[in-house]
Each structure stands twice: as structure tokens, then as C-alpha cells.
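Chemist: Before I ask anything, here is the structure I am working with.
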Amino acid sequence: MLVVVVVNGFMAYTAISSFTGLTTGQAYDRGRAYNHVLAEAARQDALGWTARVRLAGGRITLAVTDREGRPVPGVVEAYLQRPIEGTRVELGTTTPREGFAAPDIASGQWEFRGHILDGHGQRLDIRHRLIFP
């Protein structure tokens, strides 16, 4: 019984001491501005654009289409970020057709984060989880 209590105590201490309690920076301010987040999501939904991100053959490819399935021309600016650690790898700027060369990074889950901006100033934020081998 004593072993179980010691192990549980160690696990509880490790869990409490390693977690900061915050999942996002400036949580209070972001919570107060949540109506702006909802308005931005509605604006992006109204565009009717769909973004697909794939990792294949050493490249990260993008396909951004409008409601009718036509490609959306524009400029994509993006980076990769580890979901938990927060490690960030800049990918730069390109067009959806060109895509990005996959960087030489640690294997595992990475989140593709970026946005496409078309010639009329309309913007779509893109987030997609990728698994690097």
C-alpha cells in the first residue's frame, strides 16, 4: 500500500509542477474579444473557400478552392508549429500551386498554420494537422 501512495504522490507532484495552467497567452483578453473571433469565423465561412493541405513526396501541397471548386489565386504565408511544445518552423511565402518544400524536422505531429490572401484583400486562415515520418 505504501508503494501505491508514494507512486501516486510522485505522479501528482509531477503533473502539478509541469503544467502552467494556461493553454493560451492572454486568456482573459482573448475571452473578452471572443465576439470578434466569431465574426471573423463567419466572414471566412461566407467566402466559401476550402483549403486542403497534404504532405507527400517531400512537399507540402495546398489546394484552395472556392464554392464552385475553382482554384483561388493568391499568396500563402505559413509556418509549422508543434501542437504541445510550441516549436515553430517558418515556411515562408508562396502560391498554392507551388506549395512548400517539407523542412527537415523531427518526426511526429506538426500543425500547418497560415493564411492565403487573394488579389482583392480577402483572407482565409488555414490550420491543418500533418504527420511527419
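Chemist: How many residues does the range 45-62 hold that are exposed (fewer than 15 other Cβ atoms within 10 Å of the Cβ) and over 24 Å from Ser107 (Cβ atoms)?
Modeler: 5
Chemist: Considering the range 51-80 alone, what residues qualify as being hydroxyl-bearing (Ser, Thr, Tyr) and either under 17 Å from Leu130 (Cα atoms) or touching an Asp or Glu at 6+ places or on another chain (Cβ under 8 Å) (or both)?
Modeler: Answer for the range 51-80, where residues must be hydroxyl-bearing (Ser, Thr, Tyr) and either under 17 Å from Leu130 (Cα atoms) or touching an Asp or Glu at 6+ places or on another chain (Cβ under 8 Å) (or both): Thr61, Tyr79.
Chemist: Ser107 passes all but one of (1) closer than 15 Å to Arg123 by Cβ; (2) open to solvent by 60 Å² or more (accessible area, probe 1.4 Å); which number fails?
Modeler: The one condition Ser107 does not meet is (1).
Chemist: Let me ask something else. If you check every pair at least six apart or on different chains, which have Cβ atoms under 9 Å apart with a residue in the range 21-34 that is of a type in the set (Lys, Arg) first and a residue that is modelled with pLDDT of 85 or more second?
Modeler: Correct list of pairs: Arg30/Val37.
Chemist: Identify the residue in the range 28-44 that is open to solvent by less than 60 Å² (accessible area, probe 1.4 Å) and within 18 Å of the chain's Cα centre (by Cα) and, among all such residues, is farthest from Gly92 (Cα to Cα).
Modeler: Selected residue: Ala41.
Chemist: Additional query: Name the pairs whose Cβ atoms lie under 6 Å apart, with the first residue in the range 92-120 and assigned to a loop (DSSP other than H, G, I, E, B), the second of a type in the set (Ser, Thr, Tyr), and 6 or more positions between them or separate chains?
Modeler: Between residues of the range 92-120 that are assigned to a loop (DSSP other than H, G, I, E, B) and residues that are of a type in the set (Ser, Thr, Tyr), the close pairs are Gly99/Thr61.
Chemist: With the structure loaded, tell me whether Leu130 is hydrophobic (A, V, I, L, M, F, W, C) and either part of a strand (DSSP E or B) or on the phi > 0 side of the Ramachandran plot (or both) or whether it fails that test.
Modeler: So Leu130 passes the test.
The values are calculated or read from the model by the stated rules, or taken from the named source; none is laboratory data. What you are looking at is a predicted structure, and each value in this text was computed from that prediction instead of being measured. Backbone-built Cβ (ideal geometry, glycine too); neighbour counts: all protein chains shown. These accessible areas exclude ligands, DNA and RNA; they are computed on the full protein's heavy atoms, side chains included. Shrake-Rupley method; radii C 1.70, N 1.55, O 1.52, S 1.80 Å.
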